[in-house]
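The values are calculated or read from the model by the stated rules, or taken from the named source; none is laboratory data. Because the structure is a prediction, the values reported are computed rather than measured. Glycine gets a Cβ as well: all are built from the backbone with ideal geometry, and neighbour counts include every protein chain shown.
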Amino acid sequence: MKARVFSGVQPTGQLHIGNYLGALKNWAEIQANYESIFCIVDLHAVTTYQKPEELRTKIRETAALFLAAGIDPDISSIMVQSAVSGHAELAWLLTCVTPLGWLERMTQFKAKAAAQETIGDGILQYPVLMAADILLYQASIVPVGEDQSQHLELTRDLAQRFNSMYGETFVMPATKLPAVGARIMGLDDPTQKMSKSTTGAGHAIGLLDEPKAIQKKIARATTDSNPGVDVENMGPGIANLFTIAQACDTGVTKERVAGMRYGDFKKLVADAVIARLEPIQKRYREVTAEPGYLDTILERGRQHVTPLAEETVRRVKQAMGIYTR
Ligand code: TYM
């Protein structure tokens, strides 16, 4: 039996090259070696208010981008989190074994709590639902960007805690980061992670951005005052652009960019990004043009994973002594 892979994306904001280079690209590359499940996590999205009409649209857009990025629905399951009730059910059961202090320590929780006057309980519970996503399918590999590492550690801690309280139930999942691109930074501020929720025209490159917009954003990206690329001592802005280019095109090496003037270097980076995104955008247009196609894929995904989810929920209930039929 092939090992199982699980990962997810929130259907909020505009998917960007950080999401692609940190996660989706890696998924497409490894999917054939595993039994893979890729999930659109709409229950996570509503931990902060989403306009209902926009969320509905974003869920489909995210599914289309999974396909466009190379997820093959004949190999992998693409599914929506809320379509399988086991996610919410297992999240509750795991909540009951989660020490509150573990959740209050999460850096993403602390950052979000600090930024808002009042904070919903869903933000605190967010990592428990994420643990439920992974443990529900007994996934042993979780390909994500670096910002999810702490949540993955919590998932393992929870699995271990549950196993020691109620007996061996969960597989221990490993975090799989991409070799290059695990943490793409904002173009406008290379000390901040590129993020879907950060607004500002020059912050992120959207997966559906036009070539002209990409050129403009990269041309304006924050760098430093050096005359050209010093490969032994790159400032954060140049290092980030180099990472982006290298992750898009393995032909971009330190030797190739050494000493390049920033203007030329940025052109090379923009070319690499545009070339990488072109087939993705083409495929996106194809999969969204075909009426009913996305629904068929999502329904197939749901049908494939539902029995796996039901089996885990049954085992967990039984282990805890909860009523099962
Ligand atoms: P989300 O939607 O914020 O991001 C989706 C994926 O993109 C990666 N990523 C990045 N990688 C590199 N550089 C960046 N700047 C960057 N920004 C985002 C993320 O690491 C992620 O892999 N909590 C998750 C969704 C989730 C999930 C799960 C993931 C829910 N359940 C179970 C894995 C397993 C999230 O908000 O990702």
>> Give all pairs with beta carbons closer than 8 Å in which a residue from the range 82-100 that is of a type outside the set (Gly, Ala, Ser) meets a residue that is surrounded by fewer than 18 Cβ atoms within 10 Å (Cβ to Cβ) and in a loop (DSSP other than H, G, I, E, B); count only pairs at least 6 apart in sequence or on separate chains.
In response: LEU93/ILE322
> Considering the range 170-191 alone, what residues qualify as being near the ligand (Cβ under 9 Å from one of its atoms), assigned to a loop (DSSP other than H, G, I, E, B) and not small (Gly, Ala, Ser)?
Replying inline: PRO173, LEU177, PRO178, ARG183, ILE184
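Take GLY202 and decide whether it is within 10 Å of the ligand (Cβ to nearest atom), closer than 28 Å to ARG285 by Cα and crowded, with 16+ Cβ neighbours inside 10 Å. Spell out the reasoning first.
Details: within 10 Å of the ligand (Cβ to nearest atom): no; closer than 28 Å to ARG285 by Cα: yes; crowded, with 16+ Cβ neighbours inside 10 Å: yes.
No: the conditions fail for GLY202.
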>> Would you confirm, using the coordinates I've provided, whether LEU65 is modelled with pLDDT of 95 or more, under 26 Å from ILE205 (Cβ atoms) and not in a strand (DSSP E or B)?
In response: yes
> With (1) closer than 17 Å to ASP74 by Cα; (2) surrounded by fewer than 14 Cβ atoms within 10 Å (Cβ to Cβ) as the list, and PRO279 as the residue in question, which single condition is left unmet?
Replying inline: (1)
> Do we have THR57 as over 24 Å from SER140 (Cβ atoms), within 11 Å of the ligand (Cβ to nearest atom) and over 14 Å from the mean Cα position of the chain (by Cα) here?
Replying inline: no
> Can you find a residue in the range 108-120 that is within 30 Å of LEU277 (Cα to Cα), buried (at least 22 other Cβ atoms within 10 Å of the Cβ) and touching a residue at least 12 places away in the same chain (Cβ under 8 Å)?
Replying inline: no
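Return the residue satisfying two criteria in turn: it lies in the range 1-30 and is under 17 Å from VAL273 (Cα atoms) and among the hydrophobic types (A, V, I, L, M, F, W, C), and of such residues it is nearest to the ligand (Cβ to nearest atom). Steps first, answer last, please.
The first filter runs over the range 1-30 and keeps only residues under 17 Å from VAL273 (Cα atoms), leaving 14-26.
Right, trim to among the hydrophobic types (A, V, I, L, M, F, W, C) and you get 15, 17, 21, 23-24.
Working: LEU15: 8, ILE17: 8, LEU21: 6, ALA23: 4, LEU24: 7 Å.
The residue in question is ALA23.
Would you point out the residue of the range 47-70, among those that are of a type in the set (Val, Ile, Thr) and buried (at least 17 other Cβ atoms within 10 Å of the Cβ), that is farthest from GLU278 (Cα to Cα)? Can you show your working first?
We begin by selecting, within the range 47-70, every residue of a type in the set (Val, Ile, Thr); these are 47-48, 57, 59, 62.
This time we only want the ones that are buried (at least 17 other Cβ atoms within 10 Å of the Cβ), so: 47, 59, 62.
On the way: THR47: 33, ILE59: 22, THR62: 17 Å.
The selected residue is THR47.
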> Which residues, counting only those in the range 205-241, are assigned to a loop (DSSP other than H, G, I, E, B), without any contact (Cβ under 8 Å) to a residue 60 or more places away in the chain and surrounded by 15 or more Cβ atoms within 10 Å (Cβ to Cβ)?
Replying inline: ALA221, THR222, THR223, VAL229, VAL231, MET234, GLY235
>> Please go through (1) in contact with a Pro (Cβ under 7 Å, 6 or more places away or on another chain); (2) farther than 24 Å from LYS196 by Cα; (3) aliphatic (A, V, I, L, M) for LEU55 and return the number of the only condition it doesn't satisfy.
In response: (2)
>> Looking at (1) within 20 Å of VAL142 (Cβ to Cβ); (2) crowded, with 21+ Cβ neighbours inside 10 Å; (3) more than 8 Å from the ligand (Cβ to nearest atom), which one does VAL41 not meet, given that it meets all the others?
In response: (3)
> Which ones in the range 78-106 are surrounded by fewer than 19 Cβ atoms within 10 Å (Cβ to Cβ), of a type in the set (S, T, N, Q) and under 29 Å from ALA28 (Cα atoms)?
Replying inline: SER82, SER85
>> So, in the range 126-169, how many residues would count as being away from the ligand (no atom under 12 Å from the Cβ) and free of Cβ contacts under 8 Å to residues at least 40 places away in the same chain?
In response: 7
